[in-house]
Structures are given as C-alpha cells and as structure tokens.
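Q: Before I ask anything, here is the structure I am working with.
The values are calculated or read from the model by the stated rules, or taken from the named source; none is laboratory data. This is a predicted model, so every value here is computed, not measured. Cβ placement follows ideal geometry from the backbone for every residue including glycine, while neighbour counts extend to all protein chains displayed. Note: accessible area is taken over every heavy atom of the protein model, side chains too, but ligands, DNA and RNA are not part of it. Shrake-Rupley method; radii C 1.70, N 1.55, O 1.52, S 1.80 Å.
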Amino acid sequence: GKLAFKTGSLPLALEGGFVSNTQESQHKGRDGYIFGLQVGKASKANTWEAAYYYKSLGANAVISDFVDDDFGPGGTNLAGHTLWVAYAVRDNVQLKATYYNTHFLDETLTASPKYSSHMMLDVVVKI
C-alpha cells in the first residue's frame, strides 16, 4: 500500500507491503515485508527526492527469480536497508545514488558473507 500526500509543496509517500507463502507448511521463512518513506519527487528539472526502505524477505516467501536483484546479492533470505537520493537535472534526466546494506536471515542457507553493502550510481533518461 502507499499513502501519498503533500506537506506544503513537499511530496511525501509512506509505503508498505507484506507477502506470505501460505503453501509453506513448515512456516519457516515464508513471510516478507517492506516499509519506507520517500520525501520529494525528482520528476521535473531542479527537483529532488530522498528515500529510506527496510525490507525483509524470507527464504521461502516468494520465487527468488522474481525479486530485486540489486538488493544484496539478490534472491530471498535477505533483510536490510535501502537509501537513495535523486536529482532531476532536466525534465527527462535524473541522477540517482542508491545504497544497500543487507544481511542474510538464515546463515545456514548460504556460504556467502553474512553482510553485504554496495552503492549504485545511475543516470536515468526518460524518452
């Protein structure tokens, strides 16, 4: 769900979501959720936005091929933080920096390091 509103001329959005794999009979890692806040909207020239989201996705919550592959090493069995800032240099060009800090929920399911952090810098051009 999303609740969007303005404080004066500043756009704000609160978002959240929940998923549960009801076919997972063991109830182990079958749930996932996300919640966050976005301030501003970088859609027109000289506008900006900033956001923070926290996500937790159990190993059996969804099919891992369909999840955000930028979040940690990708897949399920992950939880962590996403932060971004974006600035629209033109109506159709946006610069964006995104930082991810994640960890595995069940370390017995992976041989990878427990924590993962990385940053992405993007130039988005709308055509």
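Q: Would you please name the residue that is nearest to Gly58 (Cα to Cα), looking only at residues in segment 93-109 that are open to solvent by 40 Å² or more (accessible area, probe 1.4 Å) and touching a strand residue (DSSP E or B) at 6+ places or on another chain (Cβ under 6 Å)?
A: The extreme case among them is Leu105.
Q: Is one or more of the residues making up segment 54-68 closer than 23 Å to Pro11 by Cα and more than 11 Å from the chain's Cα centre (by Cα)? Before you say what the answer is, go through the steps one by one.
A: So the first thing to find is which residues in segment 54-68 are closer than 23 Å to Pro11 by Cα, and the list is 54-55.
Narrowing the set further to residues that are more than 11 Å from the chain's Cα centre (by Cα) leaves none.
No, every residue in segment 54-68 fails to be closer than 23 Å to Pro11 by Cα and more than 11 Å from the chain's Cα centre (by Cα).
Q: Can you tell me which residues in segment 71-92 are open to solvent by less than 50 Å² (accessible area, probe 1.4 Å), of a type in the set (Val, Ile, Thr) and under 19 Å from Ala42 (Cβ atoms)? Show your work before the answer.
A: Within segment 71-92, the subset open to solvent by less than 50 Å² (accessible area, probe 1.4 Å) is 71-72, 74-80, 82, 84, 86, 88.
Next cut, of a type in the set (Val, Ile, Thr) only: 76, 82.
Across segment 71-92, the qualifying residue is only Thr82.
Q: Okay, next question. So which of Ala61, Ala86 is closer than 19 Å to Gly36 by Cβ and modelled with pLDDT under 95?
A: After applying the criteria, what remains is Ala61.
Q: Please indicate, with yes or no, whether at least one residue in segment 101-120 is within 20 Å of Ala13 (Cβ to Cβ) and either at pLDDT 95 or above or of a type in the set (Phe, Trp, Tyr) (or both).
A: No; the residues of segment 101-120 include none that is within 20 Å of Ala13 (Cβ to Cβ) and either at pLDDT 95 or above or of a type in the set (Phe, Trp, Tyr) (or both).
Q: Out of the residues in segment 20-40 meeting the condition of being open to solvent by 50 Å² or more (accessible area, probe 1.4 Å) and under 15 Å from the mean Cα position of the chain (by Cα), tell me which one is farthest from Ile63 (Cα to Cα).
A: By that ranking, first place goes to Leu37.
Q: Tally time: how many residues in segment 1-18 are open to solvent by less than 50 Å² (accessible area, probe 1.4 Å) and farther than 17 Å from Trp84 by Cβ?
A: Residues that pass the stated criteria total 2.
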